[in-house]
1. Using a 10 Å cut-off around each Cβ, can you sort H88, H136 from fewest to most neighbouring Cβ atoms?
2. What does the convex hull of the Cα atoms of segment 57-140 come to per residue, in Å³, rounded to a whole number?
3. Could you tell me the ratio Rg/Rh of the chain? Both radii from Cα atoms, Rh via Kirkwood.
4. Could you tell me which of S144, A82, A193 has its Cα farthest along the dipole of the chain towards the positive end, charges placed at Cβ (Lys, Arg +1; Asp, Glu -1), taken about the Cα centre?
5. About its Cα centre, what dipole magnitude does the chain give when the only charges are +1 on Lys and Arg Cβ and -1 on Asp and Glu Cβ, stated in debye to the nearest 20?
6. Please get the size of the charge dipole for segment 121-197, origin at its Cα centre, with Cβ charges of +1 on Lys and Arg and -1 on Asp and Glu, quoted in debye to the nearest 20.
7. Could you pull out which residues in segment 39-79 have an amide N less than 19 Å from a spot 7 Å beyond the Cα of L87, following the Cα-Cβ vector?
8. Using the Cα centre of the chain as origin and beta-carbon charges of +1 (Lys, Arg) and -1 (Asp, Glu), tell me which of A27, Q129, W153 is placed farthest towards the positive end of the dipole.
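Bear in mind that the values in this text are calculations on the coordinates, not laboratory data. Here the structure is a predicted model, which is why all the values come from computation and not from measurement. Here the Cβ is made from the backbone with ideal geometry for all residues, glycine too, and neighbour counts use every protein chain on show.
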Amino acid sequence: MNSRMGAAGQAIWIGGFNLLPYRQRDARRARRRRLLEWLGAALLGCTAVLAVAGWQTFERVRLDAQRAATEHELVGLAAPLAEHARLHREVDQRNQRSARAVTLSGPLVRLLDLLDTLSRMPADDVTLQQLRQRGHETELLATSRDPLASTLWLKQLSAVRGVKSAEVADLRPLVRAGRETATSGRGSIELAARLQWD
């Protein structure tokens with residue numbers, strides 16, 4: 001009903017027919033179009049969400065299948081891997097034992113080299129009295145007929161494999177039965193020598 005409010009607050013009748021009927025029709029069409037656009041946008045959004053969810057589900061299933069296949073392969077490789085680790089540990093232990101044996105046998109090898117050299121040296125001029133072997137050092141106590149023989153003896157000892165230095169620690173005339181032995185100006189001497197090893 002078309003009416004306007006008058007001055008006294010009463011409705012005034014201005015006529016009964018619509019002069020612009022196309023406006024209502026266009027408003028209804030615009031409302032329907034917007035409703036369809038909103039429904040289309042909501043449908044497209046739901047489709048996109050479902051597509052992403054489907055893709056993620058597909059990827060998860062594929063990755064789970066790959067993981068299961070890899071775990072199955074690893075179960076088959078568990079025994080060879082354990083054997084490989086055991087062999088690797090054995091090789092490491094053998095290498096450690098070999099290095100320890102070399103370290104521990106070093107003084108014995110040095111002593112054997114020294115004894116081999118001493119056994120080949122003539123015992124007429126210098127006589128070995130005592131031998132003390134420590135880690136990297138050997139102390140020798142010997143008697144010599146003269147200083148020249150002891151010098152040559154010490155020079156031969158310095159040529160032993162692994163000897164870094166050979167030096168006389170102490171040198172004194174040998175006293176026997178309360179008197180010093182002297183023969184033609186040359187007397188027997190007692191020397192203490194020290195060999196340093198590499």
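1. Values: H88 10, H136 14.
Listing H88, H136 from fewest to most nearby Cβ atoms yields H88, H136.
2. Details: hull volume 10.5 nm³, N = 84.
Normalising the Cα hull of segment 57-140 by residue number yields 125 Å³.
3. Numbers: Rg = 55.4 Å, Rh = 28.3 Å.
For the chain, the value is 1.96.
4. A82
5. Values: 30 positive and 21 negative charges, 460 e Å.
Approximately 2220 debye in magnitude.
6. On the way: 11 positive and 9 negative charges, 21 e Å.
In total the dipole reaches around 100 debye.
7. 74-79
8. Working it through, the farthest residue towards the positive pole turns out to be A27.
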